[in-house]
Ligand code: NAP
């Protein structure tokens, strides 16, 4: 029996198309959805992410405003830009590309973004809303994981879900979202004992370990669904995930590849959050 290869590229394309249609409808009502993208310094990886986000905005008919600040920008200067964008009624969403240079307190920057414009979903109020089942922005990568599962007709309710990783941007929100979908959720981390035993029970495994090809077939139950969040570049410059795809895929019911799985979903969900900001800003 073959496994289902979950096509994040195709699903993200559908979501962006839905966003484009919604953005167009808003434009007809005189609302131009606008995302402010703030980058400090010129980290090459951040540069690629920012370019991809701006390109997605173009595809979806979302206006993007670019704020490219030099590496030596002070914290106060960055905070005052964010406060200005918070007040600007023409700006729906604010995205500050991370990581920031070491002299800037990232948490402080995230806390300064108005929760109503927090399209990355990193603000503690957004995280708290997710935790308590209230409305708010959901961080894009975990939101993308749920969308991938739903649009691939994979049932979450009642399933044994194991998330490997407990970061604030991936592991924890992914676990909370699976719980909200009525999964039975276990969160593993570097201090977890007998990791293989725990993951081998799972119907759905979300790997957000940050270690290339860490998850091999012996971690996975026959027929399980495997979602690979990791992104790494191996020795010959090729992308790979936290899951050893060739080794694991034949044992799975369904699996996301890297590239072309979770990665494209993150930007699609950012676009979706930009669209949702119009409604959310009224209800938060
Ligand atoms: P992170 O902050 O480094 O978190 C890694 C997590 O894995 C931690 O909770 C850590 O446990 C746990 N871990 C590390 N070694 C482990 C082990 N041997 N056994 C069990 N758990 C272990 O990483 P992240 O930001 O969540 O990102 C995870 C991966 O996803 C990275 O490869 C990153 O590049 C990728 N990513 C992709 C996207 C996307 O758009 N596709 C977005 C974000 C991140 P402790 O908490 O105990 O240290």
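Things to note:
- Once Rg and the Kirkwood radius are both taken over the C-alpha atoms of region 30-73, their ratio Rg/Rh works out to 1.04.
- Antiparallel beta bridges, as assigned by DSSP with both residues in the chain, represent about 5 percent of the total such bridges.
- Working note: Cα gyration tensor of region 195-260, eigenvalues times five, square-rooted, sorted largest first, giving semi-axes of 20, 11, 9 Å.
- Working value for region 188-229: equivalent-ellipsoid semi-axes of 15, 13, 9 Å, each the square root of 5 times a Cα gyration tensor eigenvalue, largest first.
- Rg and Dmax [Cα atoms of region 163-211; Å; Rg one decimal, Dmax integer]: 10.1, 28
- Fraction of alpha-carbon pairs over 17 Å apart in region 225-267 - percent: 27 percent
- The chain: proportion of alpha-carbon pairs further apart than 37 angstrom, %: 14 percent
- Working note: Debye formula, equal point scatterers on the alpha-carbon atoms of region 41-179, no solvent; log10 I(q)/I(0) at q = 0.17 Å⁻¹ is -1.07.
- Region 130-284 - Kirkwood radius from inverse mean 1/r over Cα pairs (Å): 15.7 Å
- Geometric descriptor of region 1-47, per residue, is 100 Å³ (volume of the convex hull of the Cα atoms).
- log10 of Debye I(q)/I(0), alpha-carbon scatterers only, for region 79-132 at 0.24, 0.25, 0.29 Å⁻¹: -0.95, -1.01, -1.21
- Angle of helix 171-180 to the longest C-alpha principal axis of the chain, folded into 0 to 90 degrees and rounded to 10: 80°.
- Taking a ≥ b ≥ c as the square roots of the eigenvalues of the Cα gyration tensor, an a/c ratio of 1.5 or more together with a/b no larger than b/c marks region 1-105 as oblate.
- Linear extension gain, residue 48 paired with residue 278, 0.36 nm per residue minus alpha-carbon span: 80.1 nm
- Average projection area in nm² (convex hull over Cα atoms of region 107-186, one quarter of hull surface): 5.1 nm²
- Contact order relative to length of the chain, as percent, for alpha carbon pairs under 8 angstrom and 6 or more apart: 22 percent
- Relative contact order (%) - criterion: Cα under 8 Å, at least six apart; region: region 38-149: 22 percent
Each reported figure results from applying straightforward, stated rules to the coordinates on display, with no laboratory input. Predicted, not measured: the structure shown is a model, and the values here were computed from it.
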